[in-house]
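Report on one structure; see the data block that follows.
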Amino acid sequence: RQDLNFGQVVADILCEFLEVAIHLILYVREVYPSGIFQKRKKYNVPVQMSCHPELNQYIQDTLHCVKPLIEKNEAEKVVVVIMDKEHHPVERFVFEISQPPLLSISSETLLSHLEQLLRAVILKISVCDAVLDNNPPGCTFTVLVYTREAATRNMEKVQVIKDFPWIVADEQEVLMQEPRLIPLKTMTSDIVKMQLYVEERAHKS
Amino acid sequence: KSGGAHILKPLMSPPNREEILNTLLDL
């Protein structure tokens, strides 16, 4: 148990999950034409994954840079922000992540239980359009990561390797006037706790 | 910054809808 770096296990699992979640959010919220998405099966549920190489590489590079922070339990939130043409957020999908201190682990059930939990989150994302208003045309997206100042050093090396630099987010991309808060899913497992909710702007168009 | 958190984002933006549409034929 000591040999297994649980931070790395959690980071692998979460980054794989976040990749699926980001693709699905972009599909469900129609940020891109549905024609670039392909039906796939992840966590035993049908999902939609983009097959556009440039977009896929962007998402992979983003998560590759976030991974070192998750490994060290320094990523407090990962936020998928959908913005209108003026780059003002209309929706923020907030993944709050925390890794509890390891108390008791039974590896047999650990991963299968975690898979069930992540499956439930994916299912909630796939039907979230039922509780969200339509977005205006011409939306795009970005990904924010909330961390501690000292932790940003942990991202520096991977940014250079991937040639994918990060900057401090603009206030306009972070703040949202009178957001409506829509909880989607909370999950608790032995090695990670996660809460997913959406902040939706009151007047989108 | 919110509550001491350091909020970071990628410098580069993702491809937008038009850029995706323009490359569909190539793909």
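Just so it is clear, none of the values below were taken in a lab; they were calculated from the coordinates. If you're wondering where the values come from, they're calculated on a predicted model, not measured in any experiment. Ideal geometry is used to build each Cβ from the backbone, glycine not excepted, and the neighbour counts take in all protein chains shown.
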Whole-Hz ³J(HN,Hα) for each residue in the range B:13-26, computed from phi via Karplus 6.51 cos²θ - 1.76 cosθ + 1.60 with θ = phi - 60°, x for glycine and proline: what do you get?
8, x, x, 8, 4, 5, 4, 5, 4, 5, 9, 4, 5, 4
How tilted is helix A:6-28 with respect to the longest principal axis of chain A? Cα atoms for both, answer in degrees (0 to 90, nearest 10).
20
Say the dipole of the protein assembly as shown comes from +1 at the beta carbon of Lys and Arg and -1 at that of Asp and Glu; which of A:V20, A:Q8, A:T186 then lies farthest toward its positive end?
A:T186
Which links in A:K67/A:K124; A:K85/A:K162; A:K39/A:K185; A:K39/A:K124 stretch past 21 Å when you go from one Cα to the other?
A:K67/A:K124; A:K85/A:K162; A:K39/A:K185
With the convex hull built on the alpha-carbon atoms of the range A:85-205, volume per residue in Å³ sits at 154
Hey, what do the phi angles of the range A:94-101 turn into as Karplus ³J(HN,Hα) couplings, whole Hz, using 6.51/-1.76/1.60 and θ = phi - 60°, x for Gly and Pro?
9, 9, 8, 10, 8, 10, x, x
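Mind jotting down a quarter of the surface of the convex hull over the alpha carbons of the range A:38-122, in square nanometres, one decimal?
That works out to 7.6 nm², a quarter of the Cα hull's surface.
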Under 10 Å, Cα contacts only: if you run a Gaussian network model on chain A, which one of A:M155, A:M49, A:M83 comes out with the highest mean-square fluctuation?
A:M155
Have a look at A:E74, A:E16, A:E86 and tell me which one the Gaussian network model of chain A (Cα, springs below 10 Å) gives the largest fluctuation.
A:E86
Counted charge near A:Q60, where neighbours are those whose Cβ lies closer than 14 Å (Asp, Glu -1; Lys, Arg +1):
-4
Quotient of C-alpha Rg and 2.2 N^0.38 Å, computed over the range A:1-43
1.59
Using Cβ counts within 10 Å as a stand-in for footprinting exposure, how do A:D170, A:D190 rank, fewest first?
A:D170, A:D190
Just to check I understand the Karplus step: with θ = phi - 60° and J = 6.51 cos²θ - 1.76 cosθ + 1.60, what whole-Hz values come out for the range A:32-46, glycine and proline as x?
10, x, 4, x, 8, 9, 10, 6, 9, 10, 9, 6, 6, 10, x
For chain A, what is the convex hull (Cα atoms) projected area averaged across all directions, in square nanometres?
11.9
Please give the average number of partner chain Cβ atoms lying within 10 Å of the Cβ of each residue in A:53-61, rounded to a whole number.
3
Please list the non-local residues whose amide H lies under 5 Å from the amide H of A:S50, H modeled 1.01 Å from N, same-chain partners needing a gap of 5 or more.
A:Q38
